[in-house]
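Engineer: I have a structure here, written as C-alpha cells, and I will follow up with some questions on it.
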Amino acid sequence: MPGTTHIPRQAANLPKEEERLLDYVERLARHTVGRRAVHVHISRLQHYNRREQYVRVAFSTLDALTRKFDGGCFQTRTGDLVLIVKGASVAEIDHGVLQLRFLFSEDPLLKDEAPPEDPFCTWYELERDYAGLLALAQSLHTARAIEANPYPTSPEPSFMPDHGPEPMARPGHVLVDRSVETVPRQPAVDLPRLVRVENLLASIDLRELVRRQSAAAIVAQQRPQPLFTQIYVAIGALGRRLLPDVNLFANRWLFQYLTVLLDRRMLRLLPGENNLESQTLALNLNVASVTSDLFLAFDRDIRLKTQRPLIIEIQALDALADLAQFHRAQVFLRTRGHRVLLDGLSCDAFPLLCHPELGCDFYKLHWQTQLIGGVGQRALARLRQQVQAVGPAHVVLAHVVLAHCGEPEAVRFGHDLGIPTFQGHYVDRLLAEPP
C-alpha cells in the first residue's frame, strides 16, 4: 500500500481536496485497523464563523495530529474538515476537537447543552464504519464535481470568500484596551493602510496612550483589595490618532500584526516607566512576543524596577492557534518566575478551556450585560463547578478574573459563581472612593 504519512495541505489546489480525500479513503479499504476519522461540520456554522481565518486556525489545530500520527487532514469546498488518523485515541482526537468547540463556542450550533446527536462532529471507527466514511468521501467528491460544472444545478456552497468586513465579537487583542465592545462599520485595515499605520506608529509618543487598570478582590461589603494592575495601550484612542476612518479590528490577522508592533514598542517603553514596583503588573502579549529576544531584554530591565513576578495575559485564540508554541512560552515564562493568564473567555468557552493540560495560572472570564437572566441553570451550575475546580484550592489554577465589569450586577453574578476577583470600570469607581 502507498505510504499514508502526513499529507501536506495544498492550498492552491483546494478544489481538489475532495478528490484527494476520496483517493485516500479508497486506499484504506483493507487498512482500517486502528484508524479513526472525524468530520467537523464547519458549513453548519453561521457565516461569520466560516471566515477564512477561522477555518485556517481550525485546520491547523486538527492537522497538528497528523504530525504525531499516521494520517491526513482535508478541507472541503464548504469549509468542512475531515481528519483521518491511525493510532490516536478518541481522547487525543477529541482534545483537538475541543479546541474547535472553543473557537466557535458562541455559534448557535454549539449552544444546545445536550443535543441528541452532535451537530458539530461526526465520528467514524473505520473498522466498523468504513462504508460510512467512504460514502461521505464519495458524496463530497460528487458535490464538488457538480459545482465545477459550468452550468451548475445547485446553489453556491456556503463557504465563500467574505464580501466585506463585519464586526468581530472578540478580536485577537495583544496589549490592547479590552473596553472596546462595538466596532463601527469602517474600512478594514488592508496591507497599504497597515504599512501607513506602522510608519505612523513609529513616530508617536506611545506614553500618552498607555492606560492602567487594577483587578481587585471584592468580598462581601469590604473595600476592594487591588491584586494586580494591567498596563495596556488604549487601542481605540490609538486608532483615532492614526487612522480615524479605518476599522483596526475588522481583519484579525492584520490587526494581530499591528499588535505585535505594539508589543515591541511597549516592551521597550515599560522599563523606563515610574511606579512599577508598588504592585504586581499584568501585560497583554502575543505568544510570539513572549519568546522573542526583545522580551529577554525587557525581563532583564524590568527586574531593575520591580522584583514582583509579572502576569502575562495571552488571548485564548492566540494560544490555540499554535498550542505547542503556547506551551513553550509558558515554560519560558515560568523559568523566569512569571505567571500566565488566559484572556478572552466567554461564559460558553470558559468550561472548555479551564483544563489542567493548558497549565494556566489565571483565567479571565469576560462579563456581558446579557448574562443577567440569559444563562440557563444548567449552564450556571457548570460554570460554578468549573470555577470551584480551578479555585484557590488548586495551586496551578488559582483564580478566575471577571473582566469588563462596568456595573454592580457583574459583581453579584461573579459572587454567585464563587468568583472573588474583578476588573472593570465599576471596580475602578469603587477603588477611587475615599476610605
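The values are calculated or read from the model by the stated rules, or taken from the named source; none is laboratory data. Small disclaimer: the values here were computed from a predicted structure and weren't measured. Positions of Cβ are generated from backbone atoms using ideal geometry, with glycine treated the same way; all protein chains shown enter the neighbour counts.
Engineer: Identify, from the list Leu380, Leu365, the residue that is at pLDDT 80 or above and more than 16 Å from Leu227 (Cα to Cα).
Structural biologist: The match here is Leu365.
Engineer: Restricting attention to the range 243-261, which residues are surrounded by 22 or more Cβ atoms within 10 Å (Cβ to Cβ), modelled with pLDDT of 80 or more and more than 16 Å from the chain's Cα centre (by Cα)?
Structural biologist: Listed by number, the list holds a single entry, Leu258.
Engineer: On to the next question. If I filter the range 350-361 down to residues being surrounded by fewer than 23 Cβ atoms within 10 Å (Cβ to Cβ) and not in a helix (DSSP H, G or I), which single residue comes out as modelled with the highest pLDDT?
Structural biologist: Restricting to residues being surrounded by fewer than 23 Cβ atoms within 10 Å (Cβ to Cβ) and not in a helix (DSSP H, G or I), the top hit is Asp361.
Engineer: Can you name every residue in the range 45-73 that is closer than 20 Å to Pro119 by Cβ and among the aromatic types (Phe, Trp, Tyr)?
Structural biologist: Tyr48, Tyr54, Phe59, listed by residue number.
Engineer: Separate question: Whether any residue in the range 219-240 is touching a helix residue (DSSP H, G or I) at 6+ places or on another chain (Cβ under 6 Å) and either in a loop (DSSP other than H, G, I, E, B) or at positive phi (or both) is what I want to check.
Structural biologist: Yes: one or more hits.
Conditions tested, residue by residue: (1) modelled with pLDDT under 80; (2) within 27 Å of Val290 (Cβ to Cβ); (3) loosely packed, with under 13 Cβ neighbours inside 10 Å; (4) out of contact with any Pro (no Cβ under 8 Å at 6 or more places or on another chain).
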site: Tyr151; (1), (2), (3), (4): yes, no, yes, yes
site: Glu156; (1), (2), (3), (4): yes, no, yes, yes
site: Pro161; (1), (2), (3), (4): yes, no, yes, yes
site: Asp177; (1), (2), (3), (4): yes, yes, no, yes
site: Val183; (1), (2), (3), (4): yes, yes, no, no
site: Arg212; (1), (2), (3), (4): no, yes, no, yes
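Engineer: Among the residues of the range 34-54, is there at least one that is of a type outside the set (D, E, K, R), modelled with pLDDT of 90 or more and closer than 18 Å to Leu317 by Cα?
Structural biologist: yes
Engineer: Among the listed residues Ala216, Ala297, Ala288, which satisfies the condition of being in the same structural domain as Val427 (by TED's automatic domain parsing), more than 20 Å from His338 (Cβ to Cβ) and small (Gly, Ala, Ser)?
Structural biologist: None of the other options fit; the residue is Ala216.
Engineer: Output the residue which, of all residues in the range 26-76 that are part of a loop (DSSP other than H, G, I, E, B), more than 18 Å from the chain's Cα centre (by Cα) and of a type in the set (D, E, K, R), is farthest from Val90 (Cα to Cα).
Structural biologist: Arg30
Engineer: Under 6 Å between Cβ atoms, at least 6 apart or on separate chains: pull out the pairs that start in the range 4-32 with a residue that is outside the structural domain of Asp70 (by TED's automatic domain parsing) and end on any residue that is modelled with pLDDT under 90 and not polar (S, T, N, Q).
Structural biologist: Pairs found: His6/Arg67.
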